[in-house]
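Worksheet: the structure to be examined is printed underneath.
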Amino acid sequence: MVARPHRRSNGVMTAPAPRGRAAFAGLAGAGSALAAGHLVAGLAGMPTSSPLVAVGNSAIDLAPTPLKEFAVRTFGTADKIVLLTGMAVIIAALAVVAGLISRRSRLPGSVLIGAFGVLGAVAVAARPDFTTPALVAPVMALIAGLVVFALLMARGRSAVDGETSEDRRRFLTTSAAVVVGAGVAGAAGTALGRGAGADTSRRLVGARIPGVTAPPPGADFAVSGTPTFLTTNRDFYRIDTALTVPQLRVEDWRLRLHGMVEREMVLTFDDLVRRPLITRSITLACVSNPVGGPYISTAEFHGVRVRDLLLEAGVRPGAQQLFTTSADGFDTGTPLDVLLEPDRDALLAVGMNGEPLPAEHGFPVRMVVPGLYGYVSATKWLVDAEVTTFDRQHYWEKRGWAKQGPIKTQSRIDRPRRRDSLPAGPVTAAGIAWAQHTGIDRVEVRVDGGPWRTAELATDVSRDTWRMWRVTFHLGPGEHTVQCRATDRAGHTQPEQRRPVLPDGATGWHSVTFTCA
């Protein structure tokens, strides 16, 4: 038998470990670290303390505004999946490097894995909702990563000087155990993070939510290609900064209303829903929605008027905004003069389309304010509301967006679609228009730069909801371009010139080019 080379006490090996096994050790160490951190975060009920999630959230917060807009524009609601996938690829690549540079000594790879652990801990500590126990997850992740890396490097080392069948079996068994263990830990952490308690709370709250009200006849032109008047909860657009959805139970939920008020209030969920619940159909729109974009939806929301709560608390003179914060630390500021309008019906919503709010849309309580873009009005997972002045800047304002975000009058073509090929003859153009809290007066449509024609409008449900339109043209063969523009009840017609979404929402006429044959 050939004698094995000695290993010095400082961990330096006399011959390099095989590349494949060293690379696998790096990958397995990193994967085990992430899985362990995810599991511990789930067990602790603090999913945002998972190192992967915390680093991802920090990446979202630190990314420059143009990059955020590029992500939303390019990937839409899949932007968070793309971020996590990109992070996984980068971590995997660095883990392979960690293994390859450690073929003679575990020290370089251990240092790199340790740096990963420190980065995770710093990201966790930097979160607005940080508490000291949250550091347990990144610490356990670091320990798991270092232990697995050291173990697999030691097992893989056996091939340096003549591997026996027992050595090979030991390495394969250890590797399989690590892969299975990491997979189970990661899956368990994800399941725990989804919050079975929150699901149970939603079922218990269901009996308190009024049923959905059918929209009046003629509220949409879905047969002509528009959306249905109400958007299902599953299809309602979602744009927010939460990499993982906060999971809150109604039993634990509290809302603190404080600041420039006469009477500070702390409300439980029961305190809130004992007050009169109202139901309103409201169209919400994202400020990141480009001309003709998809980030607009309508739902029936059930909740308590914000105005009533503010009057109950007593707003002091000089107050200008309601600064609201979500459970994951996101914040925004909403103008008080809007919230206090008697006919605005800004809500602390607890229900959506006849059921409790879905977790993705803010369960148990969120803000809904007609007529304002969501970035200044639609705080989800609401836990804190401070009456203050505009001196305090909110999350998006710090990143270059406007302080106040009234929704602009806009319209969109839903049919025909870009590059459609249609039969020559009668062609029906159909779409939506919106001007929340003003209402739509008319929509005009033209083809190939010709005269404007006034479109047929669907039943007017509310000035706080979108309005469908349609018009039929007789077109010959060839390429055609249809354009639309809306005019609101204040007499304002949306401008032709296109402007980007930053800093306060896009403008411009939407156009679609298609062919007839």
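Here are the numbers for the structure shown:
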{"item": "Of all residues making up region 212-248, the number that are of a type outside the set (A, V, I, L, M), modelled with pLDDT of 90 or more and farther than 20 Å from R463 by Cβ", "result": "9"}
{"item": "From V338, V304, residue being surrounded by 20 or more Cβ atoms within 10 Å (Cβ to Cβ), without any contact (Cβ under 8 Å) to a residue 40 or more places away in the chain and farther than 30 Å from Q483 by Cβ", "result": "V338"}
{"item": "R392 being in contact with a Phe, Trp or Tyr (Cβ under 6 Å, 6 or more places away or on another chain) and closer than 27 Å to R127 by Cα", "result": "yes"}
{"item": "Single residue of region 28-68 satisfying the filter (surrounded by fewer than 24 Cβ atoms within 10 Å (Cβ to Cβ) and among the polar types (S, T, N, Q)) that is farthest from M87 (Cα to Cα)", "result": "T65"}
{"item": "Residues (touching a Lys or Arg at 6+ places or on another chain (Cβ under 8 Å) and outside any strand (DSSP E or B)) located in region 347-357", "result": "L357"}
{"item": "Counted residues, region 319-341 - those being under 14 Å from V387 (Cβ atoms) and aromatic (F, W, Y)", "result": "1"}
{"item": "Top-ranked residue in region 206-221 [being touching a residue at least 24 places away in the same chain (Cβ under 8 Å) and assigned to a helix (DSSP H, G or I); ranked as nearest to the chain's Cα centre (by Cα)]", "result": "G206"}
{"item": "Those residues of region 46-63 which are out of contact with any helix residue (DSSP H, G or I) (no Cβ under 8 Å at 6 or more places or on another chain) and free of Cβ contacts under 8 Å to residues at least 24 places away in the same chain, in sequence order", "result": "L62"}
{"item": "Members of region 252-266 that are closer than 24 Å to N353 by Cβ and either surrounded by fewer than 19 Cβ atoms within 10 Å (Cβ to Cβ) or touching a strand residue (DSSP E or B) at 6+ places or on another chain (Cβ under 6 Å) (or both)", "result": "L255"}
{"item": "Close pairs (9 angstrom Cβ cut-off, 6 or more residues apart or separate chains): among the aromatic types (F, W, Y) in region 24-42, in a helix (DSSP H, G or I) anywhere", "result": "F24/V96; F24/G99; F24/L152; F24/G156; F24/S175"}
{"item": "Out of G20, G11, sole residue that is at pLDDT below 85, surrounded by fewer than 24 Cβ atoms within 10 Å (Cβ to Cβ) and over 25 Å from the mean Cα position of the chain (by Cα)", "result": "G11"}
{"item": "Any hit, region 420-436, residues being aromatic (F, W, Y) and in the same structural domain as R485 (by TED's automatic domain parsing)", "result": "yes"}
{"item": "Some residue of region 413-431 being among the aliphatic types (A, V, I, L, M) and within 29 Å of the chain's Cα centre (by Cα)", "result": "yes"}
{"item": "Filter result for D79 (among the charged types (D, E, K, R), under 23 Å from H361 (Cβ atoms), in a helix (DSSP H, G or I) and without any contact (Cβ under 8 Å) to a residue 12 or more places away in the chain)", "result": "yes"}
{"item": "Number of the exception - S511 against (1) assigned to a strand (DSSP E or B); (2) farther than 30 Å from P66 by Cβ", "result": "(2)"}
{"item": "A222 aliphatic (A, V, I, L, M) and over 15 Å from L347 (Cα atoms)", "result": "yes"}
{"item": "Residues located in region 307-322, provided they are surrounded by 18 or more Cβ atoms within 10 Å (Cβ to Cβ) and part of a helix (DSSP H, G or I)", "result": "R307, L309, L310, A313"}
{"item": "Residue within region 277-292 that is without any contact (Cβ under 8 Å) to a residue 60 or more places away in the chain and not assigned by TED's automatic domain parsing to the domain that holds A63 present", "result": "no"}
{"item": "Check on L457, modelled with pLDDT under 95, among the hydrophobic types (A, V, I, L, M, F, W, C) and surrounded by fewer than 21 Cβ atoms within 10 Å (Cβ to Cβ)", "result": "no"}
{"item": "Close pairs (7 angstrom Cβ cut-off, 6 or more residues apart or separate chains): over 23 Å from P16 (Cβ atoms) and outside the structural domain of A327 (by TED's automatic domain parsing) in region 106-129, of a type in the set (S, T, N, Q) and in a helix (DSSP H, G or I) anywhere", "result": "A123/S58; V124/S49; A126/S58; R127/T48; R127/N57; D129/T48"}
{"item": "Residues of region 184-235 that turn out to be surrounded by 17 or more Cβ atoms within 10 Å (Cβ to Cβ), among the aliphatic types (A, V, I, L, M) and within 29 Å of G292 (Cβ to Cβ), as a count", "result": "3"}
{"item": "Filtered residue count, region 394-419, keeping only those that are touching a strand residue (DSSP E or B) at 6+ places or on another chain (Cβ under 8 Å) and surrounded by 14 or more Cβ atoms within 10 Å (Cβ to Cβ)", "result": "18"}
{"item": "Subset of region 243-272 (residues that are hydrophobic (A, V, I, L, M, F, W, C), within 25 Å of A198 (Cα to Cα) and either touching a helix residue (DSSP H, G or I) at 6+ places or on another chain (Cβ under 9 Å) or part of a helix (DSSP H, G or I) (or both))", "result": "L243, V245, L248, V250, W253, L255, L257, M265, L267, F269, L272"}
{"item": "Which listed residue is basic (K, R) and assigned to a strand (DSSP E or B), from R275, R280", "result": "R280"}
{"item": "Boolean, A486 is exposed (fewer than 14 other Cβ atoms within 10 Å of the Cβ) and under 19 Å from I407 (Cβ atoms)", "result": "no"}
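The values are calculated or read from the model by the stated rules, or taken from the named source; none is laboratory data. Computed from a predicted model, the values in this text were never measured in an experiment. Please note: Cβ atoms are built from the backbone with ideal geometry, for glycine as well, and neighbour counts cover all protein chains shown.
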